[in-house]
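The values are calculated or read from the model by the stated rules, or taken from the named source; none is laboratory data. Keep in mind it's a predicted model, so treat the numbers as computed, not measured. Backbone-built Cβ (ideal geometry, glycine too); neighbour counts: all protein chains shown.
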Amino acid sequence: MVPVAVITGFLGAGKTTLLGHMLHHAQGRRYAVIVNEFAAAGIDAELLDSGAEDLIEMNNGCLCCTVRGDLIRTLHGLLPRLAGFDGVIIETSGLAAPGPVAQTFLIDETLRAHLALDSITTVVDALHLLDQLHAQAEVHDQIAFADQIVLNKTDLVRPAALAALEGRLRQMNPFAPVLRAVRAEVPPDALFGRGGFDLDRLAALLADQPPAHDHHHGHHDHHHHDGHDHDHDHGSITSVVLHSAAVMDAGRLGDWLAGHLADHGRDLLRGKGIIHVAGDDRRLALQSVHMMLEGAFIGPWPPGPRLSRLVLIGRNLDGPALQSAFESCAA
């Protein structure tokens, strides 16, 4: 299985600079590089200019998602040559949404058999980020989908402002660590080994999520599980952390998630959860990308309380309503 790393970010953030830095410090590793218009290149080939996206709407019963037709064709063409590469790096155009790229790897069974989507790294411009958040919806999506965020051009911003930016990024996406960088220089191994779409790593990731609370009204649930949301701008990306100590009914949970994704999947960008379901001592790991949901049991619960956690990132998320619906799935 060959790992795939995606680099995304708005125009001028430093994506190509990051890619060049990674290739310059490849330390003998060979990467297939797919840039902007999704033409495959080896590490010695010239990087190609941006081109139009080729988006395909795919309907499978009640499931509707958008994938990158150009990316699918390029990756299928790359499959016979995969043995010569240690990884694949995809740099999207500055206006591209990461969702269709991620869904491409989740919906194409042939690609899933040979390629593993490892991470989405979003590069943001520290100097212009706040202005872009107010004006560019693409920036919100790129941050929401990230498994890690490179806060670039930090030499142009004062320390106090950097700390505020990091706090804003964490509120938008609690999953993604923030790497400060100048000229997009990060450790050479930063893109790979993150396992951002690996269900087996979800338990450790969600264990880092703090106990939920509501920033708006100081609400605390006396049953020790509640909704937690961060909201700054109307229509901007927020994160909601749902907790429950109750044992969940798998059927009820599945029905609720399926219905919610069908109704609100376009607003729900990413979701990750570890669930304690009735009748099974294993942890159920869930993740979603827009309307696509996958789950698997990943091993037994460790000793101690079995707390179900579900983290959702998207737009128009009603934390209390989601928490109530989550609780209604109890066995």
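Which strands (runs of 3 or more DSSP E) sit wholly inside the range 1-60 and have at least 1 residues that are at pLDDT below 90? So that I can check it myself, show each step before the final result.
Details: elements: 2-9, 31-35, 39-41, 55-60.
Qualifying strands (runs of 3 or more DSSP E): 31-35, 39-41, 55-60.
Kindly indicate which of Val311, Val289, Val240 is in contact with an Asp or Glu (Cβ under 7 Å, 6 or more places away or on another chain) and either of a type in the set (Gly, Ala, Ser) or buried (at least 23 other Cβ atoms within 10 Å of the Cβ) (or both). Please lay out each step first, then the result.
Numbers: Val311 fails: in contact with an Asp or Glu (Cβ under 7 Å, 6 or more places away or on another chain); Val289 fails: in contact with an Asp or Glu (Cβ under 7 Å, 6 or more places away or on another chain).
That would be Val240, the only listed residue that is in contact with an Asp or Glu (Cβ under 7 Å, 6 or more places away or on another chain) and either of a type in the set (Gly, Ala, Ser) or buried (at least 23 other Cβ atoms within 10 Å of the Cβ) (or both).
Regarding Ala96, is this residue part of a helix (DSSP H, G or I), under 17 Å from the mean Cα position of the chain (by Cα) and at pLDDT below 90? Reasoning before the result, please.
Values: part of a helix (DSSP H, G or I): no; under 17 Å from the mean Cα position of the chain (by Cα): yes; at pLDDT below 90: yes.
When the stated conditions are applied, Ala96 does not pass them.
Applying the selection to the range 170-197, what residues are without any contact (Cβ under 8 Å) to a residue 24 or more places away in the chain and under 14 Å from the mean Cα position of the chain (by Cα)? Walk me through it before giving the result.
Within the range 170-197, the first condition is being without any contact (Cβ under 8 Å) to a residue 24 or more places away in the chain, and the residues that meet it are 170, 187, 189.
Scanning the range 170-197 gives a single hit, Arg170.
Kindly evaluate Asp118 against the criterion of being within 15 Å of the chain's Cα centre (by Cα), outside any helix (DSSP H, G or I) and acidic (Asp, Glu).
Numbers: within 15 Å of the chain's Cα centre (by Cα): yes; outside any helix (DSSP H, G or I): yes; acidic (Asp, Glu): yes.
So Asp118 fits the description; yes.
Hey, among Asp125, Asp108, Asp131, which residue is acidic (Asp, Glu) and in contact with a strand residue (DSSP E or B) (Cβ under 7 Å, 6 or more places away or on another chain)? Write out each step before concluding.
On the way: Asp108 fails: in contact with a strand residue (DSSP E or B) (Cβ under 7 Å, 6 or more places away or on another chain); Asp131 fails: in contact with a strand residue (DSSP E or B) (Cβ under 7 Å, 6 or more places away or on another chain).
Going through Asp125, Asp108, Asp131 in turn, just one is acidic (Asp, Glu) and in contact with a strand residue (DSSP E or B) (Cβ under 7 Å, 6 or more places away or on another chain): Asp125.
Out of the range 148-164, which residues are without any contact (Cβ under 8 Å) to a residue 40 or more places away in the chain and within 22 Å of Leu269 (Cα to Cα)?
Taking the range 148-164 and keeping what is without any contact (Cβ under 8 Å) to a residue 40 or more places away in the chain, we get 149, 151, 154-164.
Result: Ile149, Leu151.
Taking into account only those residues within the range 160-202 that are part of a loop (DSSP other than H, G, I, E, B) and acidic (Asp, Glu), which is surrounded by the fewest Cβ atoms within 10 Å (Cβ to Cβ)? Spell out the reasoning first.
Quick first cut of the range 160-202, residues part of a loop (DSSP other than H, G, I, E, B) only: 173-177, 181-198.
With acidic (Asp, Glu) added as a condition, the list becomes 185, 189, 198.
On the way: Glu185: 17, Asp189: 12, Asp198: 16.
Only one residue tops the list, namely Asp189.
For Val123, are the conditions met, namely being touching a residue at least 12 places away in the same chain (Cβ under 8 Å) and either surrounded by fewer than 22 Cβ atoms within 10 Å (Cβ to Cβ) or not in a helix (DSSP H, G or I) (or both)?
Numbers: touching a residue at least 12 places away in the same chain (Cβ under 8 Å): yes; either surrounded by fewer than 22 Cβ atoms within 10 Å (Cβ to Cβ) or not in a helix (DSSP H, G or I) (or both): yes.
Answer is yes for this residue.
What's the number of the only condition in (1) farther than 16 Å from Arg315 by Cβ; (2) acidic (Asp, Glu); (3) modelled with pLDDT of 85 or more that Asp267 fails to meet?
Condition not satisfied by Asp267: (1).
Could you tell me whether Ile143 is crowded, with 22+ Cβ neighbours inside 10 Å and not in a strand (DSSP E or B)?
It is true that Ile143 is crowded, with 22+ Cβ neighbours inside 10 Å and not in a strand (DSSP E or B).
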